[in-house]
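Below is one structure, written out as structure tokens; the observations come after it.
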Ligand SMILES: [Fe+2]
């Protein structure tokens, strides 16, 4: 079960810098739009903003729904784009993705399919919560075993656990019906390992942050369409696309901020009642 981690030497010893870009929903067709929003356009604007950060991240995490249509063309576009950013990029699949195609296309010198990433005193664990043909998520027994074994093996490291589906309710009824089906199993493992400092996901297309027993539980905006927080039924949010930046400190603290693209008008068709 144990696998060797991909090792990155952070720029500094006292802090690991990460960025999360999630739910890009890229289409094979460059003109592809979600609720009227061209997802390649918003993704590239978000990434350009990220590249202007004062401190370049040591790694980029992409947490699922990278593609909307799971087409080879969408993954080729993403592979080329991430390569052009020159930041080591790691991915995990969401409900819209095809993990086999991702393995094939998102796998070059800079876009990496590794699921354990060692950065100084921190370990990042990338889990697959996707279920073929389903919108909701579930963590398989083998993924749970992988998580538990990694947390035990690296008990001397602070750990950030990443997945696509939300492992705790975000209080949007329609989204919480399609979250992680066996979230209690994941939460039990997190609760029983003091080295877990944060859990990070996508899927909900909105910012979310809770601290429970010293663990940060974080969700982030999509790089395209947003979902309105607290909605009973599907409803697009009026917030702009964005990404999350994280500083992982040597003492185990996580400092994090969400950046949105506020100086550009994005067109979203709010009359559409589903996605
Ligand atoms: Fe999504």
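All of the numbers you see were taken from the coordinates with simple rules; none came from a lab. Only a predicted model underlies this, so the values are computations on that prediction, with no experimental measurement involved. Note that we place each Cβ from the backbone using ideal geometry, even for glycine, and neighbour counts take in every protein chain shown.
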Quick calc: nm separation of the 7 Å Cα→Cβ label points for residue 262 and residue 107 -> 4.2 nm
Would you compute, for the Cα atoms of the chain, the largest minus smallest coordinate along each principal axis and list the three values in descending order, in whole Å? 50, 38, 33
Angle between the Cα long axis of helix 72-85 and the longest principal axis of the chain, 0 to 90 degrees, nearest 10? 60 degrees
Pairwise FRET efficiency - residue 152 versus residue 177, Cβ, R0 = 35 Å, nearest 0.05: 0.60
Taking 0.36 nm per residue of separation between residue 56 and residue 228 and subtracting their Cα-Cα distance, the length gained on full extension comes to 58.9 nm
Along each principal axis of its Cα atoms, how long is region 1-140 end to end? Whole angstroms, biggest number first, please. 43, 38, 24
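Checking a compactness column here: for region 152-246, what do you get for Rg(Cα) / (2.2 N^0.38 Å), N being the number of residues? Can you show the working numbers first?
Details: Rg = 14.0 Å, N = 95, 2.2 N^0.38 = 12.4 Å.
That ratio works out to 1.13.
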At the level of C-alpha centres, the distance separating region 133-173 and region 20-80, in angstrom, is 23 Å
